[in-house]
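Since the structure comes first, as structure tokens, the remarks are kept for the end.
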Amino acid sequence: MTCKNVLNHQIPIEKYFEEISRIPRGIRAEKAVSDYVVSFAEARGLSVYQDEHWNVIVKKPAGPGGEGKAPLALQAHLDMVHAKTAESCHDFEKEPIELVLTDGILTAKDTTLGADDGFGVSYILAILDDDSLSHPPLECIFTVQEESNNEGAQLLDKSKISADRMIGLDGDAERSTFVSCFCSDRLVMKKAYNFCSPQGKAYAVTIDELSMGVYQGVCHQECGNAIKMMARVLRQAALCGISLQIASWEGGKAENQNPFFSKAVIYTDSEETKLSEVLDHEFALMMEEFEDERYVGRLTAASCIDAPGNVLSASDSRAVLDLVYLMPSNLFHAADGGASASVNNIGVIRVEDGFAELIMSARSKHFSMERHVLEHCRMIGALYGFSVQQASRYSPWPYNKDSALRKLANQITLRESGFTMEEEVCPGGLELGWFFDGKPQLDVIQLGPDLENLHTPDERMDMESFHRVYALVCRMLAEIE
């Protein structure tokens with residue numbers, strides 16, 4: 001397919017951004033763009049390494065004025081999130097991203113733009129292609145599968161990297177930088193149950209329309225998570241003498257997303273008015289507990305005519321409710337000033353004929369506290385007979401208060417633009433954390449232009465910011481000691 005250029009191909013970062021936008025590069029489908037980088041490096045006589053996962057490392061000797069300096073790593077990821085509008089017929093596996101430039105803002109027609117992390121890849125390609133730049137020896141790392149589970153960064157052979165300092169090019173704001181990130185583990189708790197015949201009438205209880213998430217550090221430990229809220233209202237009903245049996249319970253989409261919806265189908269022989277009165281009262285109390293009036297939600301309870309025909313026993317139903325009620329969710333441990341230091345999120349619940357399952361994400365700034373959160377959750381699960389499977393998702397990026405890279409970046413931005421960057425801790429994971437394996441001394445900074453609406457068809461990039469941040473990176477390459 002012949003594509004008309006939207007960007008200015010006389011400007012290397014624009015040229016390479018558009019070129020990679022024409023190559024399919026979805027998660028676990030990065031081979032074509034990985035091979036493109038390999039061919040790019042070979043055509044310029046650069047040292048290149050490609051592993052079986054399609055990670056690529058390209059090494060370039062020092063540029064003019066950079067001889068004798070210690071090597072520096074540049075890092076970006078090759079994959080992008082595929083999302084499109086409901087009306088779009090775009091085929092990500094075959095068709096290029098159709099760029100749209102309007103008043104200095106770059107978007108894509110009906111799809112994600114792929115600026116996350118296409119901007120980082122284009123920066124590195126432009127630097128590798130420019131022999132006039134002053135820079136130390138460069139080790140340029142292109143990873144895969146960042147948008148799923150960081151598997152590319154996990155599996156990359158770190159012995160191929162000698163640099164003790166790294167510029168990560170996967171940021172999304174020109175005036176801020178991440179300075180550390182949490183480690184993360186995925187927990188799956190599951191138990192098989194013998195379901196039985198129900199007693200009483202079936203009701204569907206739904207909690208939805210929660211207006212804001214609380215996973216990123218708000219201190220309301222019970223409120224805001226629809227799964228936790230459901231456990232609380234149903235458990236309160238049981239405490240008020242309402243016998244109930246759970247036929248099904250669902251909620252949440254992923255372990256690392258705060259669930260805004262939960263639905264439980266229950267059977268009870270109690271009067272409908274009493275059930276509604278207890279549920280409504282407990283839910284109203286939770287609404288009062290929200291200190292921010294923007295936190296709102298809705299509870300509904302109605303007769304269910306298509307309810308499953310089998311249920312947990314009353315005692316097993318109570319045990320599942322108690323498990324979720326006791327399980328920590330949201331803030332677990334706070335640092336100075338109340339910022340999150342450790343969190344656990346109950347992201348998904350499924351109770352169906354034969355089993356109950358809970359999927360969670362535990363995160364912390366510290367490995368030691370992460371172990372504590374995990375043990376806390378495991379112990380609660382074990383008390384109720386649940387098996388626990390654990391899988392590490394992210395490795396932590398520890399804060400370095402004496403970062404020479406951050407100091408240099410701030411000197412340049414203050415001198416040339418009159419600001420220093422706001423420092424942020426990422427409560428999620430970043431693939432940069434995996435590069436600390438065996439390199440506790442690693443100095444890292446994360447940079448990026450102004451991006452908005454990532455991972456959606458409304459993704460956009462400010463082109464002036466795109467150019468300014470590239471100029472910052474080039475200044476850092478020239479001035480780094």
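The values are calculated or read from the model by the stated rules, or taken from the named source; none is laboratory data. Since this is a predicted model, take the numbers as computed values, not measurements. Ideal geometry is used to build each Cβ from the backbone, glycine not excepted, and the neighbour counts take in all protein chains shown. Note: accessible area is taken over every heavy atom of the protein model, side chains too, but ligands, DNA and RNA are not part of it. Shrake-Rupley method; radii C 1.70, N 1.55, O 1.52, S 1.80 Å.
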Per the Kirkwood formula over distinct C-alpha pairs, the hydrodynamic radius of region 153-211 in angstrom is 19.2 Å
So how compact is region 372-419: Cα radius of gyration and Dmax in angstrom? 21.4, 61
Descending principal axes extents, region 1-122, alpha-carbon based, whole Å: 55, 36, 24
Just how large is the dipole of region 97-153 about the Cα centre, in debye to the nearest 20, putting +1 at every Lys and Arg Cβ and -1 at every Asp and Glu Cβ? 80 debye
Whole angstrom only: what separates the Cα centroid of region 96-116 from the Cα centroid of region 347-372? 36 Å
So Lys274 and Glu424, fully extended at 0.36 nm per residue minus their Cα-Cα distance, gain in nm 49.2 nm
Quick one: the Cα spread of region 231-337 along its three principal axes, in angstroms, biggest first? 49, 26, 24
On the accessible surface of the chain, probed at 1.4 Å, how many percent belong to carbon and sulfur atoms? 49 percent
Separation of the Asn453 and Asp402 label points, Cα + 7 Å toward Cβ, nm: 4.5 nm
Picking from Tyr49, Gly26, Leu72, whose Cα lies most toward the positive end of the charge dipole for region 1-94 (charges on Cβ: Lys, Arg +1; Asp, Glu -1)? Leu72
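Over the chain, average the accessible area per residue using a 1.4 Å probe and give it in Å², no decimals.
Working: 20440 Å² over 481 residues.
The answer is 42 Å² per residue.
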Would you please name the chymotrypsin sites (Phe, Trp or Tyr not before Pro) within region 411-481 that are DSSP coil residues with at most 13 other C-beta atoms within 10 Å of their C-beta? Phe419
Expected unfolding gain across Ser303-His9 under the 0.36 nm per residue rule, minus the alpha-carbon gap, is 99.6 nm
Highest to lowest packing among 9-16, 118-125, scored as the average C-beta count within 10 Å: 118-125, 9-16
Using DSSP to call loops (not H, G, I, E or B), can you name the GluC sites (Glu not before Pro) in region 243-312 whose Cβ has at most 10 other Cβ atoms within 10 angstrom? Glu291, Glu293
Give me the distance between the Cα centres of region 376-401 and region 417-481, rounded to whole Å. 28 Å
Relative packing of 367-377, 160-170, which averages over residues the other C-beta atoms within 10 Å, highest first: 160-170, 367-377
Treating the beta-carbon of each Lys and Arg as +1 and of each Asp and Glu as -1, no other charges, what is the dipole magnitude of the chain about its Cα centre, to the nearest 20 debye? 1040 debye
Ranking Thr112, Gln441, Ser465 by how far each Cα lies towards the positive end of the charge dipole of the chain (+1 on Lys and Arg Cβ, -1 on Asp and Glu Cβ), the top one is Gln441
Length-normalised contact order for the chain - Cα pairs under 8 Å, 6+ apart - percent: 22 percent
What FRET efficiency, computed as 1/(1 + (r/R0)^6) with R0 = 60 Å and r the Cβ-Cβ distance, is obtained for Glu288 and Gln199, rounded to the nearest 0.05? 0.95
Net +/- balance of residues flanking Ser148 in space, Cβ distance below 9 Å, scoring K and R +1, D and E -1: -3
Estimated FRET transfer efficiency when R0 is 30 angstrom, pair Ser368-Gln411 (beta carbons, to 0.05): 0.30
Want the number for Glu479 to Arg378: 0.36 nm per residue separation, take away the alpha-carbon distance, what's left? 31.4 nm
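What's the FRET efficiency of Ala192 with Ser159 using the Cβ-Cβ distance as r and R₀ = 60 Å, to the nearest 0.05?
Numbers: r = 44 Å, r/R0 = 0.73.
Efficiency computed from Cβ-Cβ geometry: 0.85.
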May I ask for the equivalent-ellipsoid semi-axes of the chain, computed as the square root of five times each C-alpha gyration tensor eigenvalue and listed largest first in whole Å? 48, 24, 20
With the radius of gyration and the Kirkwood radius both derived from the Cα set of region 112-160, what is their ratio Rg to Rh? 1.04
Hey, quick one: spin label on Arg22, modelled 7 Å out along Cα-Cβ, who in region 95-121 has an amide N within reach, i.e. under 15 Å? 95-100
